[in-house]
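Q: Shown below is the structure under consideration.
The values are calculated or read from the model by the stated rules, or taken from the named source; none is laboratory data. Everything numeric in this text was worked out from a predicted model, so none of it was measured. When we count neighbours, we look across all protein chains shown, and the Cβ atoms used for this are built from the backbone with ideal geometry, even at glycine. Accessible surface areas use protein heavy atoms only, side chains included; no ligands, DNA or RNA. Shrake-Rupley method; radii C 1.70, N 1.55, O 1.52, S 1.80 Å.
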Amino acid sequence: MSAGVPDAVALAADARSCTEAALAAIADAADVAALAAVRPELLGKGSPLSGLRRRLGSLAPAARPAAGRALSEALAAVEARYTERLDELRAAERRAQLEAERLDLTELHEPPPVGRLHVITQTQRRLEDVFCAMGYTVAEGPEIETEWHNFGALNFPPGHPARDMYDTLYVDHGSPGSTLLRTHTSPVQVRVMQTRPPPLYVVAPGRCYRQDTADATHMPVFHQIEGLVVDEGITLGDLAGAIETFTTAYFGPGFTSRLRPSYFPFTEPSAEFDVQRPDGTWLELGGSGMVHPSVLEVCGVDPERWSGFAFGFGIDRLAMLRYGIDDLRDLWTNDVSFLEQF
Ligand code: DAH
């Protein structure tokens, strides 16, 4: 309180200095918590500005209303500035929080490593695609077969020398020699004819097994694809046409095919088929022939009404050829750096 100055004037001066001090304290508060902490000393009952009210009573009655209003306005101004600063600080804190917790949706991450189909599977699917486009459907049979499906039904009677073409792996199941790992996909012909009525246009890809020492061109496990067509009036010309259509569809224009006489117990006549590359060289691909009437009969197909052709060839060597792989064993070691080339 200023001595010697009339009370009203002194009160007004004190109110101004209290107000300035309060506004300075508000400006100094660096964050919401600091501002909230000073609120009681600026605007509370015990604050200097509120304290000035107690001096109103000592003023001349005529001076009181104006002085009271001035004090109220000072408090209101401090309150307004407080609220304004509070809003400012809250907005700043919200901005800081948003910035800190910002999600950058444009951020690029390395995609997770993606695998791929084995080169043999890719080759098998391409073959299936070509035959499906030619109107064939895909059939499957078991890899563990009965001796009857693998040999008997295909016209290899017990002791038949043609069985010696196959180094058969027998499975210890049932009576000795009754169960084996299929040596070719031809038993699927039997299973298809036994379960579906003709007309039949079917291919059957899958794994086959023969007792063989692994080297660059032989593996005891390999893949074949079998074809079987049974319909009315099917001739050797249809077989040659189907092989030729397949050859150009799979290998491309410039490739052709030929049939060479051969022998298989389950076809009559039988033929090997070769593919000629554009450079004129020949590639032996597989076996084929007209389905033997005894095979049709034993599978429940009437050979008087139906005739058919069949063919079968290896998938692994086809893949080697296409991709320039020179050792079959590389297809089985599962070395990722080798496989991811295809
Ligand atoms: N299954 C024979 C083999 O593995 C290949 C074969 C020859 C399949 C003639 C056929 C065929 O369907 O008609 O040696």
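Q: Using only protein heavy atoms and a 1.4 Å probe, report how much of Val190 is accessible, in Å² to the nearest 10.
A: Surface accessible to solvent at Val190 totals approximately 0 Å².
Q: Considering only C-alpha atoms, what is the centroid distance from segment 14-76 to segment 176-205, in Å?
A: 102 Å
Q: Then there's this: With a 10 Å cut-off between alpha carbons and a GNM built on the chain, which of Glu110, Glu226, Glu79 moves the most?
A: The residue that fluctuates most here is Glu79.
Q: Roughly how many whole Å is it from the C-alpha centroid of segment 152-174 to that of segment 219-244?
A: Answer, in whole Å: 22.
Q: Taking the Cβ of Val336 as the center, what net charge do the other residues with Cβ under 13 Å away carry, scoring Lys and Arg +1 and Asp and Glu -1?
A: Overall, the nearby charge balance is -2.
Q: Going by amide H atoms built from the backbone, whose H comes under 5 Å of the H on Ser257, apart from near neighbours?
A: Amide H to amide H, under 5 Å and 5 or more residues apart or across chains, Ser257 pairs with Gln276.
Q: Something else about it: Could you give the alpha-carbon Rg of segment 141-237 over 2.2 N^0.38 Å, rounded to two decimals?
A: My calculation over the Cα atoms of segment 141-237 gives 1.16.
Q: What percent does the relative contact order of segment 119-339 come to when contacts are Cα pairs within less than 8 Å and at least six residues apart?
A: 21 percent
Q: While we're here: Could you tell me what % of all Cα pairs in segment 229-342 have separations over 24 Å?
A: Summing the P(r) of segment 229-342 above 24 Å gives 40 percent of all pairs.
Q: I would also like to ask the following. So what does Met320 come to for accessible area, using a 1.4 Å probe and Å² rounded to 10?
A: 20 Å²
Q: So how tilted is helix 7-28 from the main axis of the chain? Cα-based, degrees 0 to 90, rounded to 10.
A: Compared with the principal axis, the helix lies near 20 degrees.
Q: Under a Cβ-only charge scheme (Lys and Arg +1, Asp and Glu -1), can you give me the dipole magnitude of the chain about the Cα centre, in debye to the nearest 20?
A: 2360 debye
Q: On a 0 to 90 degree scale, rounded to 10, what angle separates helix 64-100 from the longest Cα axis of the chain?
A: Orientation of helix 64-100: about 20 degrees from the principal axis.
Q: Can I ask one more? Can you compute the equivalent ellipsoid semi-axes for segment 4-100, i.e. the square root of 5 times each eigenvalue of the Cα gyration tensor, sorted largest first and rounded to whole Å?
A: Equivalent ellipsoid semi-axes, largest first: 34, 10, 10 Å.
Q: Going toward the positive end of the dipole of the chain, with +1 on Lys and Arg Cβ and -1 on Asp and Glu Cβ, which of Leu98, Pro176, Gly206 do you reach last?
A: The residue sitting farthest along the positive end of the dipole is Leu98.
Q: Based on the Kirkwood radius over alpha-carbon pairs, what value in µm²/s does the Stokes-Einstein equation return for the translational diffusion coefficient of the chain at 4 °C and 1.567 mPa s?
A: For the chosen part, D equals 47 µm²/s.
Q: When the helix-only estimate is applied to the chain (DSSP H runs of n ≥ 4, each -39,500 (n - 2.57), divided by the residue count), what is the mean residue ellipticity at 222 nm, nearest 500 deg cm²/dmol?
A: Taken over the chain, the calculation gives -13000 deg cm²/dmol.
Q: Assuming a viscosity of 0.692 mPa s and a temperature of 37 °C, what translational diffusion coefficient in µm² per second does Stokes-Einstein assign to segment 55-122, Rh being the Kirkwood radius over Cα pairs?
A: Answer from the Stokes-Einstein relation: 175 µm²/s.
Q: Let me ask you something else. In whole percent, and with a 1.4 Å probe on the protein chains, what portion of the accessible area of segment 119-339 is carbon and sulfur?
A: Carbon and sulfur together cover 52 percent of it.
Q: Taking only Cα atoms, what is the 0 to 90° angle, nearest 10, from helix 236-251's long axis to the longest principal axis of the chain?
A: 30 degrees
Q: Same structure again: Please return the longest range in the chain lying between exposed loop sites, taking trypsin sites (Lys or Arg not before Pro), DSSP loop only, at most 16 other beta-carbon atoms within 10 Å, and leaving the sites out.
A: 117-304
Q: Let me ask another. Sequence-distant or interchain residues sharing an amide H contact under 5 Å with His184, placed H: which?
A: Tyr209
Q: While we're here: Compute the accessible area per residue over the chain, keeping the other protein chains in place, probe 1.4 Å, unit Å².
A: In whole numbers, the chain has 54 Å² accessible per residue.
Q: If DNA, RNA and ligands are ignored and the probe is 1.4 Å, what is the ranking of Val298, Val32 by accessible area, most exposed first?
A: Output order, biggest surface exposure first: Val298, Val32.
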